[in-house]
Amino acid sequence: MAYVKVKRRKLTFAERTYVAPIAKGMVTTLKHMLQLGGTERVTMEYPEQKWKLPDRYRGAPVLVKDAAGREKCVSCSMCEYVCPPRAISIIPGEIDGPVEKAPKVFDIDMLRCIFCGYCEEVCPEEAIFMSEEYELCGQTRAEMVFPKDKLYAMGEKFGRDGRTKDPVKKYDRLVSEAAAQGLDLTK
Amino acid sequence: MDAVMNWFGTPVGSAVVKVLVVGNVVPLLVSFLVWLERRVAAWIQDRTGPNRVGPFGLLQSFADLLKFIFKEDVLPGHVNKPMYLLAPALAVIPPLVALAVIPFADRMMIADLDTGVLAVFAFSSIGVYALALGGWASNSKYALIGGVRASAQLISYELVLGLAALGVFMITGSLRLHDVVTDQANGLLIDGTLRDGFLPKFFDWNIWKQPLGALLFFIAALAETNRAPFDLPEAESELAAGYHTEYSSMKFALFFLGEYAAMVAISGLFTTLYLGGWTLFGAENLFAGTPALQTAWQIAIFTGKVVFLLFTIIWIRWTVPRFRYDQLMDLGWKRMLPISIGWLVFTALATWAYAQHVR
Amino acid sequence: MPKLTIDGKTMEVPKGATVIQAARAAGIEIPHYCWHPGLSVAGNCRICLVEVEGMPTLQIACNLLCADNMVVRTQSEKAKGGRADVMELLLINHPLDCPICDQAGECKLQEYSFRIGKDRSSFDFPKVHKPKHVRFSDKVMFDAERCILCTRCVRFCAEVAKRDELDIVNRGDRNEIAVKRGGELENDYQMNVIDVCPVGALTSMDFRFKSRVWFLENAKSVCSGCSRGCNVTVGSRWNRVLRVIPRENPHVNQWWMCDAGRFTYKGNDADTRLGAPMIRKNGALAECSWDEALDAAAKGLRDAGADLLALVSGRLTNEEMWLAKDVLAHLGTPHRDVKPRAFAKDDFLRTGDGNPNSRGAALLGIAPGTGGSGLTSLGSRAFRGAALFGEDLDDRPEALEALSKCGFVLVVGSHETETSRRAAHVVLPGVTPFEKDGTYVNVSGRVQRLARSVIAPGEAWPDWKILGALRARLTGAPAPRTPADAFAEMCAASPAFSGLPWNGLGEHGADARTPEPAGAAR
Ligand code: SF4
Ligand code: SF4
Ligand code: SF4
Ligand code: SF4
Ligand code: FES
């Protein structure tokens, strides 16, 4: 099968004058211009109009606290390790209580972040989530490195279906279990 | 006050006023036109178009102008400088000069020449130099092809343009554009008697007396102004940007401006020749008592017709795909030229027959 | 000599060897927690189960003596299943603290759980909780929940450190490790329990939460604490040394090192680090360019000539000592010496000599030459000039006083000291042993490689580069481009090192050619 010869249709005289087809075409475009016959504008006028984001949308990664307002992150650095563009930098720190550890510094460089969601995926404490925030801008590079406070503030704001605020009280359970066995872990 | 009004009555004074009026209406029209082009294109494509700068985005063109002014003006190293710099200027000046002889209102023309329409053709044919020069001086293959295409295309269609318009002058018996307009506002002359009233005045427009001529003129006008479907000199899908590929910043903007000014000029000419110019079935004399208002009103009528034409041109552009170059030449030489000659002969015969009859 | 077969490999092993040792020698790894090559066999963790033909039950490889015609299978379904069950039992009460556990990443429990364990537990009840973060001392932190009671730590204290300080207390699932009589760990080798602990039950207070171990860049180096030259692994991150842990070397330190050696890195990023060369102008030290400083130093040395007293630090590498010696020979001065440095002494690793390379100095003859005088003469005799290579006299006020009277004093050192502040005319910033490559000779004559783990601050140069540049200015001999160049030069000229290959020293070093320094003058 080398090639198929497509037979051209013989054009009518009206068609060959161009006038009729062009007029037909112009009627079509006129319809779109005036939004007749079921045509409608598809442009979304951002920022007045915004997308309704799908549930799985991955915006900026943010940090969340548990229902008791404690930092969930224990600075295990798994996210720092898994992050492909190395956007996260953590300096772990020691805290009182049964959890022992929380980040002293937790920076995400939003200019580096590629919103892959690996950090959310890898986090063993469900402390980091991909929020719905996609309007990230700043005037300097330094401004785009989001520190811990800012990430927690963003986490407060973007609770999605309560998912990011779910009451994981791992350490409450630990403490009460230990208490039942006569051991005080809170000191 | 009177002194001022009187000064306006003097030849110098009236000339100044005319220049001011025409010189302002045209750039405003052009800026409006650019906006219209983009809005209409958007609407046809179910989009919104520029709507941020000013009400409905009407000031978009001025924002664009500012942008063009502040853009880096690149002067490629391999160009023929004098020619390269001359081309954008040549693109703007002819259409503006051509506009000088087009009557915007009764007596509102900068130069009322006996040879009016010839002047228009003369000037507009200079426009081809801009394209050919720009293309050649750029020393780039795309630009050169664009320039060569432009010269061939413009020369081919100028012929049809002139022949189509001749019919009008046969009927009018004058080359003065002012006469052409007034001739269309008289009412129909049947049986040697003048009929007045709305319908006779409406059908006095040359477009009814010269339908085929008007169609040919309009098509040729599209080709003359490089508008789609005849925008081959700058066919972006084939030639990058055609003859102005190597131009940037304000120089590019000048080509742009020239193209749109040419559209305004040719639409003005079409209005004058076929659509009764500033007249509107007698309504043009509504404010006969106050000359200033009368003039403004007539300019508005004229502008309205021109805008309608411009809209149609834009509408066509976003509807009809570009011609192939051989199709373009085929259409110009093998169809429109014979038809326009035939139409001319027919018009001549009809005019002669009518004159016999009326006498 | 019993002959046995493990996983289809037949081998002959010395009498008395256990199966785990035989397998190890043959490159077959059998999982183990409580067994440690340097400790006695306890046989309590049961993870080393293997199948032995002819025996009805699985056997622990660590306590099974090799016998003739024994056929051992480590990878049979039965053996694998047995180990997986043991793994599950070990994890019954394990807290799975990995996110906050410092051991994560080098934890045998993680490794084996991943490799040979099951992915879920059939245990449904609350876990037994035990005290967390219990301080055993200010160096060692204990977490009873994570402990798998392998008793490696107990055995280390009793057998290696010879201070029987740890024991198991309570009974059944309440078993936990405790310091005897409720005291603190006191022995000087206690931090080794952190390394022997296969899990995160014992962790370092010093390294606690500083960084996850998988981010560390590890350099195989030698401890600069004393002349034993324990082999170490230096872990660094953000260009900072974060920990020093022992590295196995059967010729030197086996698996251990003392606690003091682990803290040698402490001064490494002190504020007193020198970052730029300085020259004394109008009584005050002012920063200048390297060229300027080297020229001034060379001129000062040349002027002092044969009346120059040179102190060469016992912390310099062999290459550096060699270059220094070459410079001094050119100047013709016999006055050269090494300042002794005290260090604790015991009958295990610590030698009592705080100069890691005093043996190298002896081999290269860094000691007063014929008619020369040493450090002790500084108070009694006036020198035209003095040069301190990597050394200071902060601990000897009288000597420092005398030094400051010298006409010209050159100080090469990594830190700003009282000596450099008071006496120096030219200060050249050198580096610490963590910031350069080179070799040391340990107390028993073993030549070992020192490896760079971090980059020195500012414009500091490694001492070999400084000495090379000085020598080039004084003698015109080309400056070595790398420490390996200097090493090659030294080996060619010095019988004690002749024929030693830089790259061939390997991870464990090699013995110097003449272990006993020839004609040491002191
Ligand atoms: S979303 Fe991906 S790139 Fe962004 S911080 Fe998380 S792991 Fe890094
Ligand atoms: S993975 Fe989770 S717990 Fe670990 S450091 Fe990142 S956010 Fe914190
Ligand atoms: S000891 Fe090992 S398994 Fe247990 S919490 Fe620590 S890292 Fe995880
Ligand atoms: S603390 Fe570590 S070394 Fe000691 S018994 Fe427990 S697991 Fe073994
Ligand atoms: S290693 Fe054999 S029982 Fe622990």
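No lab work stands behind these numbers, since they all come straight from the coordinates. Quantities reported herein were computed from a predicted structural model and do not represent experimental measurements. FYI the Cβ positions are ideal-geometry reconstructions off the backbone, even for glycines, and counts take in every protein chain you see.
Under the simplified labelling scheme, the A:Ala179-C:Ala484 pair shows an inter-label distance of 6.4 nm, with each label point 7 Å from Cα along Cα→Cβ. Considering only C:Ser380, B:Leu331, B:Ala262, the residue lying farthest towards the positive end of the dipole of the protein assembly as shown is B:Leu331, judged by Cα position with unit charges set on Cβ. Volume of the convex hull of chain B (Cα atoms only), normalised per residue: 156 Å³. Of all beta bridges that DSSP places with both ends in the protein assembly as shown, some 75 percent have antiparallel geometry.
Scanning residues 5 or more positions from B:Thr319 or on other chains, none has an amide H under 5 Å from its amide H, with H placed 1.01 Å from N in the peptide plane. On the basis of the beta-carbon distance and an R0 of 45 Å, C:Asp124 and A:Arg41 show a calculated FRET efficiency of 0.15.
Using θ = phi - 60° in the Karplus curve 6.51 cos²θ - 1.76 cosθ + 1.60, the 3J(HN,Hα) couplings for region C:261-278 round to x, 6, 9, 4, 7, 4, x, 4, 10, 5, 5, 8, 4, 8, x, 8, x, 9 Hz; x is entered for Gly and Pro.
When the charge dipole of region C:425-522 is built from unit charges on Cβ atoms (+1 for Lys and Arg, -1 for Asp and Glu) and taken about the Cα centre, the candidate among C:Leu428, C:Pro501, C:Ala512 whose Cα reaches farthest toward its positive end is C:Leu428.
With a simple spin-label model that places each label point 7 Å from the Cα along the Cα-to-Cβ direction, the separation between B:Val74 and C:Val169 comes to 8.1 nm.
Hey, with R₀ at 56 Å, roughly what FRET efficiency would C:Arg240 and B:Met250 work out to, going by the Cβ-Cβ distance, to 0.05? The computed FRET efficiency comes out at 0.50.
Note the full-extension length gain between C:Glu184 and C:Ala286 as 0.36 nm times their separation in residues minus their Cα-Cα distance, in nm to one decimal.
Working: separation 102, 0.36 × 102 = 36.72 nm, distance 4.91 nm.
31.8 nm is the gain from fully extending C:Glu184 to C:Ala286.
Where the centre of each part is set by its Cα atoms, how far does region C:1-57 sit from region C:206-255, in angstrom? Answer, in whole Å: 30.
What average number of partner chain Cβ atoms lie no more than 10 Å from the Cβ of the residues making up C:115-128? Numbers along the way, then the final one.
Values: counts 0, 0, 0, 0, 0, 0, 0, 0, 0, 0, 0, 7, 4, 4.
Shielding by partners across C:115-128 averages 1.
Taking the longest Cα principal axis of chain B as reference, the axis of helix B:60-70 is set at about 40 degrees. Legend: translational diffusion of the protein assembly as shown by Stokes-Einstein, Rh = Kirkwood radius over C-alpha pairs, 25 °C, 0.890 mPa s; D = 62 µm²/s.
Kindly flag which residue pairs out of C:Lys78/C:Lys130; A:Lys150/C:Lys127; A:Lys101/A:Lys157; A:Lys50/A:Lys150; A:Lys104/C:Lys345 have an alpha-carbon separation exceeding 31 Å in this structure. Intermediate values should be presented prior to the final figure.
Details: C:Lys78/C:Lys130 33 Å; A:Lys150/C:Lys127 37 Å; A:Lys101/A:Lys157 25 Å; A:Lys50/A:Lys150 24 Å; A:Lys104/C:Lys345 40 Å.
Over 31 Å apart, Cα to Cα: C:Lys78/C:Lys130; A:Lys150/C:Lys127; A:Lys104/C:Lys345.
For chain C, complete DSSP H runs whose alpha carbons reach 18 Å or more along their own long axis and whose mean Kyte-Doolittle score is -1.0 or higher are C:77-90, C:290-304, C:318-331. When both bridge partners sit in chain C, DSSP labels roughly 70% of those beta bridges antiparallel. Taking a point 7 Å out from the Cα of C:Met205 in the direction of its Cβ, none of the residues of region C:333-366 has a backbone N less than 14 Å from it. The packing ranking, built from the mean of other Cβ atoms within 10 Å per residue, places the peptides A:129-142, C:54-67, C:238-251 in the order C:238-251, C:54-67, A:129-142, highest first. Computed from label points 7 Å out along Cα-Cβ, the spacing between C:Ala477 and A:Lys24 is 9.8 nm. Each Lys and Arg contributes +1 and each Asp and Glu -1, all at the Cβ; summed about the Cα centre of the protein assembly as shown, the dipole is approximately 1480 debye.
Take every Cα-Cα pair in region C:369-492 and report what % of them are more than 23 Å apart.
On the way: 3264 of 7626 pairs.
Tail of P(r) above 23 Å: 43 percent of Cα pairs.
If R0 is taken as 22 Å, the Cβ-Cβ distance between C:Thr376 and C:Glu418 corresponds to a FRET efficiency of 0.65. For chain B, what number of Lys pairs, 8 or more residues apart or on separate chains, have alpha-carbon atoms under 27 Å from each other? So the count works out to 13. Got a sec? Which residues in region C:58-101 would a label at C:Lys3 touch, if it sits 7 Å along Cα→Cβ and we count backbone N under 18 Å? Only C:66-72 fall inside the zone, counting backbone N under 18 Å.
Taking the radius of gyration and the Kirkwood hydrodynamic radius from Cα positions alone, what is the Rg/Rh ratio for region C:278-511, to two decimal places? Please report the intermediate quantities before stating the final value.
Values: Rg = 16.9 Å, Rh = 17.8 Å.
Taking Rh as the inverse mean 1/r over Cα pairs, Rg/Rh reads 0.95.
log₁₀ I(q)/I(0) of chain A at q = 0.10, 0.15 Å⁻¹, via Debye over equal Cα point scatterers, no solvent, to two decimals? Calculated log10 I(q)/I(0) at the listed q: -0.59, -0.94.
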